[in-house]
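See below for the structure under consideration.
The values are calculated or read from the model by the stated rules, or taken from the named source; none is laboratory data. Being a predicted model, the structure only gives us computed values, none of them experimental. When we count neighbours, we look across all protein chains shown, and the Cβ atoms used for this are built from the backbone with ideal geometry, even at glycine.
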Amino acid sequence: MDEGPARQASCAGLRIGDTAPDFSARSTAGDIRHYEFRGRWLILLSHPADFTPVCTTEFVALARAADDFTNRDCALMALSIDSLFSHFAWLRMIRDRLGVEVRFPIVEDPTLVIARAFGMVGDNDGDSATVRNTFFIDPAGVIRAMNCYPANVGRSVPEMLRTLDALQAVDGGGLAPANWRPGDALCTSPEPDLDSVFGAETEIAWFLSDETDGR
């Protein structure tokens with residue numbers, strides 16, 4: 001059913017399996033280009049604005065977990081429409097008031113060019129009020145997972161790490177089941193042939209079995 005020209009949903013511009021768009025921009029870590037992060041995992045996350053309560057709690061949590069991402073060979077990069085100097089002032093406040101240094105780059109996107117390239121906002125949107133997106137990008141630059149949150153709900157850093165662990169685990173084969181965590185068994189992919197169906201020990205074993213080595 002055609003509902004007319006409704007506002008474009010966040011994350012609508014790209015799909016899992018797409019190559020993430022390249023971009024160059026100023027950031028709190030200097031001038032960066034997205035493609036320079038090829039060869040390792042990258043989590044690109046956006047936030048509506050600096051000096052906001054939910055975003056501040058997110059960045060404190062991410063900074064405290066920075067080593068956990070580094071140990072998984074994963075870089076963090078944040079994005080918002082605020083200016084570079086707004087980012088600097090915000091990070092200084094976080095350090096002075098909350099005792100946490102945010103060292104991963106925060107990119108400025110005042111014209112929404114990057115946000116639109118990633119489908120975080122629609123072509124006709126004039127602000128980033130609803131932007132809170134997360135893209136999991138693999139070492140080849142392919143988007144492997146993404147999620148979207150409203151401005152009033154913060155991300156879960158443990159779930160971000162779990163998702164990253166699962167994506168890295170299934171690269172070695174297998175499927176990550178519900179609530180999978182490192183060390184848990186992975187499911188095996190079913191063989192799409194009738195002999196496997198009829199030859200399985202039980203009526204469920206042909207499509208639902210697991211590996212025992214985990215990760």
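Determine, yes or no, whether Phe88 is among the hydrophobic types (A, V, I, L, M, F, W, C), surrounded by fewer than 20 Cβ atoms within 10 Å (Cβ to Cβ), assigned to a helix (DSSP H, G or I) and touching a residue at least 12 places away in the same chain (Cβ under 8 Å). Here the answer is yes, as Phe88 does meet what is asked. Out of the residues in segment 143-180 meeting the condition of being of a type in the set (D, E, K, R) and in contact with an Asp or Glu (Cβ under 7 Å, 6 or more places away or on another chain), tell me which one is farthest from Val60 (Cα to Cα). So, considering only residues that are of a type in the set (D, E, K, R) and in contact with an Asp or Glu (Cβ under 7 Å, 6 or more places away or on another chain), the one farthest from Val60 (Cα to Cα) is Arg144. Restricting attention to segment 27-53, the residues that are closer than 19 Å to Ser156 by Cα, β-branched (Val, Ile, Thr) and surrounded by fewer than 18 Cβ atoms within 10 Å (Cβ to Cβ) total 1.
If you check Arg162, Arg181 for being of a type in the set (D, E, K, R), part of a loop (DSSP other than H, G, I, E, B), at pLDDT 90 or above and outside the structural domain of Ala49 (by TED's automatic domain parsing), only one passes: Arg181. Inside segment 91-106, residues that are more than 12 Å from Asp50 (Cβ to Cβ) and either in contact with a helix residue (DSSP H, G or I) (Cβ under 7 Å, 6 or more places away or on another chain) or part of a loop (DSSP other than H, G, I, E, B) (or both) make up a count of 7. Scanning segment 143-186 for residues that are over 20 Å from Trp41 (Cα atoms), buried (at least 16 other Cβ atoms within 10 Å of the Cβ) and touching a residue at least 60 places away in the same chain (Cβ under 8 Å) gives Ala151, Gly154. Restricting segment 90-123 to residues that are among the small types (Gly, Ala, Ser) and within 14 Å of His34 (Cβ to Cβ) leaves a set whose member that is modelled with the highest pLDDT is Ala117.
Applying the condition of being in contact with a Ser or Thr (Cβ under 7 Å, 6 or more places away or on another chain) and not charged (D, E, K, R) to segment 43-77 and asking which residue is modelled with the highest pLDDT yields Ile43.
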